[in-house]
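Just below is one structure, and these are the notes that go with it.
The values are calculated or read from the model by the stated rules, or taken from the named source; none is laboratory data. In this text, all values refer to a predicted model and were calculated from it rather than measured experimentally. So basically every Cβ, Gly included, is an ideal-geometry build from the backbone, and we count neighbours across all protein chains shown. Protein only, heavy atoms only, side chains kept; ligands, DNA and RNA dropped before computing areas. Shrake-Rupley method; radii C 1.70, N 1.55, O 1.52, S 1.80 Å.
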Amino acid sequence: MTVATAAAALLSAATIAAAPPAHAATTYKGRVTAFLSIRSAPTTAATKVGSLNSGATVTIQCKVFGPSVDGNSLWYKLSTKKWVTARYVANIGSAPRFCGDGKEYVGRVTTSVLNVRSGPNTANAKVSSATLGARLFIVCKVDSQVVDGNPRWYQLTGDGGGQWVAARYVANVGAAPPYC
């Protein structure tokens, strides 16, 4: 099964339909439930850029799937544009929407074999691979580990703990995806 086929099969209606209507709230609140590291990207392999104490209130913009932390594969993008695992954040009110603009973007693999990872870093587990010319369905992008001069990583549609690829080896077909 190719990544494109798997991504299409795993495409979560919630992921694509998660963008709020124009009138909906664009930020959410959460309360930190344990000492929590703030990361530069949605993975524990990303640089630690700060921390939060238990009881702190955070403003959340949206969420993505990424590497699981103690059984939770969601990561929250804070209003500071930095990331925390959702495992140690209790939502205050409604749960954040998924990142992206609700549209699906397409890319083509430009290398012989491209590793699909659980998060936006080569230290994250390989979950599958895609071959030269394969179509990938993309939700959004983040800046993370630099791969051959390019810091961008694309989150693929689907769920199950995250599917990420280094954008260095993906050519956009049409418009480029927005930042997560």
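Observations on the structure shown:
- Reachable lysines from residue 81, criterion Cα separation under 23 angstrom, eight or more residues apart if same chain: 29, 48, 63, 103, 141
- For region 59-96, the list of trypsin sites (Lys or Arg not before Pro) that fall in a loop by DSSP and count at most 14 other C-beta atoms within 10 angstrom reads 81.
- Filtered chymotrypsin sites (Phe, Trp or Tyr not before Pro), region 26-114: DSSP coil and at most 15 other beta carbons within 10 Å: 35
- Coupling constants for region 31-48 follow from the phi torsions by the Karplus curve (6.51 cos²θ - 1.76 cosθ + 1.60, θ = phi - 60°), and in residue order they are 10, 6, 9, 7, 4, 9, 7, 9, 10, 6, 8, x, 6, 5, 7, 7, 4, 6 Hz; glycine and proline get x.
- For region 22-76, accessible area per residue (1.4 Å probe, heavy atoms of protein chains only), Å²: 46 Å²
- Prolate/oblate/rounded call for region 103-180, Cα gyration tensor, a/c under 1.5 rounded: rounded
- Shape category assigned to region 38-180 from the gyration tensor of Cα positions, a/c cut at 1.5: prolate
- Around the Cα centre of region 46-180, unit charges on the Cβ atoms of Lys, Arg, Asp and Glu (plus for the first two, minus for the last two) sum to a dipole of about 120 debye.
- Couplings for region 129-146, taken from phi via the Karplus curve 6.51 cos²θ - 1.76 cosθ + 1.60 with θ = phi - 60°, read 8, 10, 9, 3, x, 4, 7, 10, 10, 10, 9, 6, 10, 9, 8, 8, 4, 6 Hz in order; Gly and Pro are left as x.
- Carbon plus sulfur fraction of accessible area for region 62-180, probe 1.4 Å, in percent: 48 percent
- Charge dipole (debye, nearest 20) of region 43-103; +1 at Cβ of Lys and Arg, -1 at Cβ of Asp and Glu: 160 debye
- Residues with amide H under 5 Å from that of residue 62, placed H, sequence gap 5 or more: 77
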